[in-house]
Amino acid sequence: MNNKILVITAKPDVHCDYVALKLRQKGYDIIRLNTEDMLLNTKYELTIGENGVASYHFYIKDADIHFEKNDFKVVWFRKPMPIDEIENCDEASIQQFIETEYREFLLSFYGICKAKTWVNPFWSNRIAGHKLPNLELAQSLGLNIPKTIVTNNPETATRFAENCAWNILVKPFLFEGFNLNGDEYYSPFAKKVTKEAFLLNQAAIQFAPTFLQEYIEKSIELRVTVIGTKIFTAAIHSQTNPASIHDFRCGNAEQILHEPYQLPLDIEEKLLKFNDTYQLRFSTFDIILTPDGKFVFLECNPNGQWYWIEELAKLPMAEAMADLLIELHNKHPKASPIERAFVS
């Protein structure tokens, strides 16, 4: 009997490590495809037969694993990375060409595997990862959202800031850091902006889409992880640490109290509807609980990180992910529309 799950990820992925351990304890296993070392560690053949049906064969050298089309039923799409740089290659254009070819090759491979069961479907991840449609959907489901504007017009941005009494936050569309001066790494987290800082940098708004929101005061931040129909919510006490007041990611997670939290049932149901809209089987949400008890939706990351929550809040999410993958492999979906996963 074939009891393997294909995981598309990268070597540093600890989430995959712990879920694989749980799967093995339950009599299942993974085929781990680390995309960054495919150049040197993977041999593959993909063909289109006369009947128009694709076939493929992969061999992963370090694990000594062969796999083909019928060797797995479920794909867990985790965190693939671009191909590693080629040793002794001084020509940047060659490296760029190879990276592009591998990226497009993998997109084709995902398409060939479209009949498999995915967590999450590749294009669902892509579509569900966009901030503005997410805010629109969240509001349509009855969730509270912050006042929001995206503009490259300094005058429009200024009017928005004035309407928010200069209580505003700026955030990037895509959370990726970059290097300054070749050696200084900068991470563009969400940041509260003072009136003075805004006016000083006002002219720069014309150079890029500027994402502004009304700053919402926080009692706690909530990280919600949805795995199938199980909902795991952790309260992150970010306001107790000066570094994490505006964005919990700015602080050292181990210095911030994380504990299990029970969301109201109606909020949980709306998050499940959110996932259903995008055909997601997994997602993570960032929500604020205000000092006056209001829940405010910030964003959804359909392929977010979660294992640090398991460690700090003691929530059994690796177990839940293994169970979901096994359930999908065996194709016996649970009938229950919602399962509470609160752990006291």
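The values are calculated or read from the model by the stated rules, or taken from the named source; none is laboratory data. The shown structure was predicted, so the numbers you read here are calculated from the model rather than taken from an experiment. Using ideal geometry, Cβ is built from the backbone for each residue, glycine included, and neighbour counts are taken over all protein chains shown.
A few comments on the model shown:
- Any hit, the range 122-130, residues being within 30 Å of A161 (Cα to Cα) and of a type outside the set (A, V, I, L, M, F, W, C): yes
The rows are residues; the columns are (1) closer than 21 Å to N330 by Cβ; (2) assigned to a strand (DSSP E or B); (3) at pLDDT 95 or above.
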position: I5; (1), (2), (3): yes, yes, yes
position: C16; (1), (2), (3): yes, no, yes
position: G27; (1), (2), (3): yes, no, yes
position: D37; (1), (2), (3): no, no, no
position: T47; (1), (2), (3): no, yes, no
position: G52; (1), (2), (3): no, no, no
position: F58; (1), (2), (3): no, yes, yes
position: W76; (1), (2), (3): yes, yes, yes
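- Flag for D37 being acidic (D, E) and in contact (Cβ under 8 Å) with a residue 40 or more places away in the chain: yes
- When I8, I83, I112 are screened for being within 30 Å of S283 (Cβ to Cβ), in contact (Cβ under 8 Å) with a residue 40 or more places away in the chain and in contact with a Pro (Cβ under 7 Å, 6 or more places away or on another chain), only I8 passes.
- Within the range 265-281, residues that are of a type in the set (F, W, Y) have Cβ atoms under 7 Å from residues that are modelled with pLDDT under 95 and assigned to a helix (DSSP H, G or I) in these pairs: Y278/S124; Y278/I127; Y278/A128, counting only partners at least 6 apart in sequence or on another chain.
- Where helices (runs of 4 or more DSSP H) fall entirely within the range 78-161, those with at least 1 residues that are over 21 Å from the mean Cα position of the chain (by Cα), charged (D, E, K, R) and closer than 26 Å to I48 by Cβ are at 92-112.
- Verdict on K195 being closer than 30 Å to P121 by Cβ and modelled with pLDDT of 90 or more: no
- Cβ-Cβ distances below 8 Å connect the following pairs, each with a first residue in the range 308-331 that is under 22 Å from V75 (Cβ atoms), a second residue that is of a type in the set (S, T, N, Q) and crowded, with 21+ Cβ neighbours inside 10 Å, and a separation of six or more residues or different chains: M317/T225.
- Selection of first residues in the range 49-72 that are under 16 Å from I5 (Cβ atoms) and in the same structural domain as D29 (by TED's automatic domain parsing) and of second residues that are aliphatic (A, V, I, L, M) and modelled with pLDDT under 95, restricted to Cβ pairs under 6 Å at least 6 apart or on distinct chains, gives an empty result.
- Residue check, P121 surrounded by 11 or more Cβ atoms within 10 Å (Cβ to Cβ), of a type outside the set (V, I, T), touching a strand residue (DSSP E or B) at 6+ places or on another chain (Cβ under 7 Å) and touching a residue at least 40 places away in the same chain (Cβ under 8 Å): no
- Index of the failed condition, N252 passing every other in (1) within 23 Å of L169 (Cβ to Cβ); (2) in contact (Cβ under 8 Å) with a residue 24 or more places away in the chain: (2)
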